[in-house]
1. Helix-only mean residue ellipticity at 222 nm, the chain, DSSP H runs n ≥ 4 weighted -39,500 (n - 2.57), per residue, nearest 500. What is it?
2. Taking the Cα atoms of the stretch 30-89, what is the range of coordinates along each of the three principal axes, in descending order and whole Å?
3. Any idea how far the Cα center of the stretch 109-154 sits from the one of the stretch 23-85, in Å?
4. Largest first, please: the extent of the C-alpha atoms of the stretch 6-172 along each principal axis, to the nearest Å.
5. Considering the convex hull of the alpha carbon atoms of the stretch 88-132, report its projected area averaged over all viewing directions, in nm², one decimal.
6. Below 8 Å between Cα atoms, with a sequence gap of 6+, how large is the relative contact order for the stretch 5-53 in percent?
7. What is the spin-label model distance, in nm, from T150 to Q64 if the labels are put 7 Å beyond Cα along the C-beta direction?
8. Between E45 and L3, what is the FRET efficiency for a Förster distance of 25 Å, r being their Cβ-Cβ separation, to the nearest 0.05?
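Read the figures in this text as sums done on the coordinates, not as results from a lab. A quick note: this is a predicted structure, and the numbers were derived from the prediction, not measured. Glycine gets a Cβ as well: all are built from the backbone with ideal geometry, and neighbour counts include every protein chain shown.
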Amino acid sequence: MSLSTLKDLLIEELKDLYSAENQLTKALPRLAKAAQSEELRAAFETHLEETEEHATRIEQIMKQLGESPKGKKCKAMEGLVEEGKEIIEEDAEPGIKDLALIVAAQKVEHYEIAGYGSARTLAELLGEEEIAKTLQQTLDEEGKTDKLLTELAMGLNLEAAAEDDEEEKSEAPASSSKSRRS
Ligand code: FE
Ligand code: FE
């Protein structure tokens, strides 16, 4: 497809996002399965439902534009999913592995945030207010997921740090008095 108009470009970007969402639909259950933390697993499962909804929204937008959402493979998402797969297969401490899964997932969310932000702006430039609004809705959900992942990481981080503290204590039992447990 040649890009001669603003609409062509919006359609290209939406096809890319559609492919990205569909690849994620397959990857998220694997991430959920690999997560140790119950909260992290729940977050991945919730975002799977949202991801399916995001793909449906693109289908609806494309229908409005009289185009098919299919026909493009998002190579960036392919790479991000591949990195996630590497982490899933990695031998790691459970808390560290969860953090690594969060890192991979946040890279995905940031890619989507960039894609939806740009697509929304293109829709605005085209004067497609309704489409811009729908894309903004998805963008907000990606942003919320990103924030939630940061919060989960902060929680996990503290647990991992506490474990390190425990280990240090057992190596040098006399040196620490401040880490008394309540
Ligand atoms: Fe999404
Ligand atoms: Fe997402």
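1. Mean residue ellipticity at 222 nm (helix-derived): -29000 deg cm²/dmol.
2. 44, 23, 11
3. If you average the Cα positions of each part, the centres end up 14 Å apart.
4. Answer, in whole Å and largest first: 68, 25, 21 Å.
5. Result: 3.8 nm².
6. Computed value for the stretch 5-53: 37 percent relative contact order.
7. The two pseudo-label positions are separated by 2.9 nm.
8. FRET efficiency, E45 to L3: 0.10.
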